[in-house]
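Participant: What follows is a structure written as structure tokens; I'll ask about it next.
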Amino acid sequence: MMAFFSGAQRFLRQSSSVVASHFTSTRFTSTLTSPKLFVSGLSRLTTDEKLTEAFSPFGQLLEAKVIMDRASGRSKGYAFVTYATIEDAEKARAGMNAKFIDGWVIFVDPAKPREPRPPQQPQSQPSGAGFTVNKTIGWCG
């Protein structure tokens, strides 16, 4: 019985190292196609300045922009960081992913290209009587 457990332990140890090495090679061999990174998991207190300070050691930083909510003026919890070269962005991605900024764990991923927005629907025009049409409810006044 003891031989079975020692054999099982040896098998698990070998297979877990194979899985770990496969995961590591898959995770870190992906190359960026753009020097722009998407940073998520930010604290609401993180500013552009703090982001710049955290990411500048990895290369020539062109921009570090925390995305703010228009209505409240607070951070939405994510940002974009742009470097001069893809190599600098790769170093920053490897060096800053799963690190802490302002007490929160951040995640650094390649930024995706912005998708085109659908055209806006024209606003309904007021009728002659001063009423507007709300298409989901009916007449509003």
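The values are calculated or read from the model by the stated rules, or taken from the named source; none is laboratory data. This one's a predicted model, so the numbers in the text were calculated from it and none came from an experiment. Glycine also receives a Cβ, built like all others from the backbone with ideal geometry; neighbour counts cover every protein chain displayed. Protein only, heavy atoms only, side chains kept; ligands, DNA and RNA dropped before computing areas. Shrake-Rupley method; radii C 1.70, N 1.55, O 1.52, S 1.80 Å.
Participant: Open to solvent by 90 Å² or more (accessible area, probe 1.4 Å), of a type outside the set (Ser, Thr, Tyr), part of a loop (DSSP other than H, G, I, E, B) and at pLDDT 90 or above - does that describe any residue in region 127-139?
Facilitator: Within region 127-139, not a single residue is open to solvent by 90 Å² or more (accessible area, probe 1.4 Å), of a type outside the set (Ser, Thr, Tyr), part of a loop (DSSP other than H, G, I, E, B) and at pLDDT 90 or above.
Participant: Would you confirm whether or not region 31-53 contains a residue that is in contact (Cβ under 8 Å) with a residue 40 or more places away in the chain, in contact with a Pro (Cβ under 6 Å, 6 or more places away or on another chain) and surrounded by 14 or more Cβ atoms within 10 Å (Cβ to Cβ)? Let's see the steps before the verdict.
Facilitator: First, the residues of region 31-53 that are in contact (Cβ under 8 Å) with a residue 40 or more places away in the chain: 31-43, 45-46, 50-51.
Adding the requirement that they be in contact with a Pro (Cβ under 6 Å, 6 or more places away or on another chain) leaves 32.
Filter once more, keeping what is surrounded by 14 or more Cβ atoms within 10 Å (Cβ to Cβ): 32.
Yes.
Participant: Restricting region 56-72 to residues that are charged (D, E, K, R) and more than 15 Å from Ser34 (Cα to Cα), which is nearest to the chain's Cα centre (by Cα)? Step through it out loud before you land on a result.
Facilitator: First pass over region 56-72, keeping only residues charged (D, E, K, R): 63, 65, 69-70.
Narrowing the set further to residues that are more than 15 Å from Ser34 (Cα to Cα) leaves 65, 69-70.
Numbers: Lys65: 12, Asp69: 16, Arg70: 19 Å.
This residue is Lys65.
Participant: I'd like the residue in region 50-104 that is in a loop (DSSP other than H, G, I, E, B) and among the hydroxyl-bearing types (Ser, Thr, Tyr) and, out of all such residues, is modelled with the lowest pLDDT. I'd like the intermediate steps shown before the answer.
Facilitator: So the first thing to find is which residues in region 50-104 are in a loop (DSSP other than H, G, I, E, B), and the list is 59-60, 69-74, 84-85, 97-99, 102-103.
Now restrict to residues that are among the hydroxyl-bearing types (Ser, Thr, Tyr): 72, 85.
Values: Ser72: 93, Thr85: 96.
Among those that are in a loop (DSSP other than H, G, I, E, B) and among the hydroxyl-bearing types (Ser, Thr, Tyr), it is Ser72.
Participant: Still on this structure: Which pairs have Cβ atoms under 7 Å, sit 6 or more apart or on different chains, and link a residue in region 93-109 that is under 16 Å from Arg44 (Cα atoms) and in contact (Cβ under 8 Å) with a residue 60 or more places away in the chain to one that is outside any loop (DSSP other than H, G, I, E, B) and open to solvent by 60 Å² or more (accessible area, probe 1.4 Å)?
Facilitator: Asp102/Lys50
Participant: So is Ser25 modelled with pLDDT of 85 or more and not β-branched (Val, Ile, Thr) or not?
Facilitator: no
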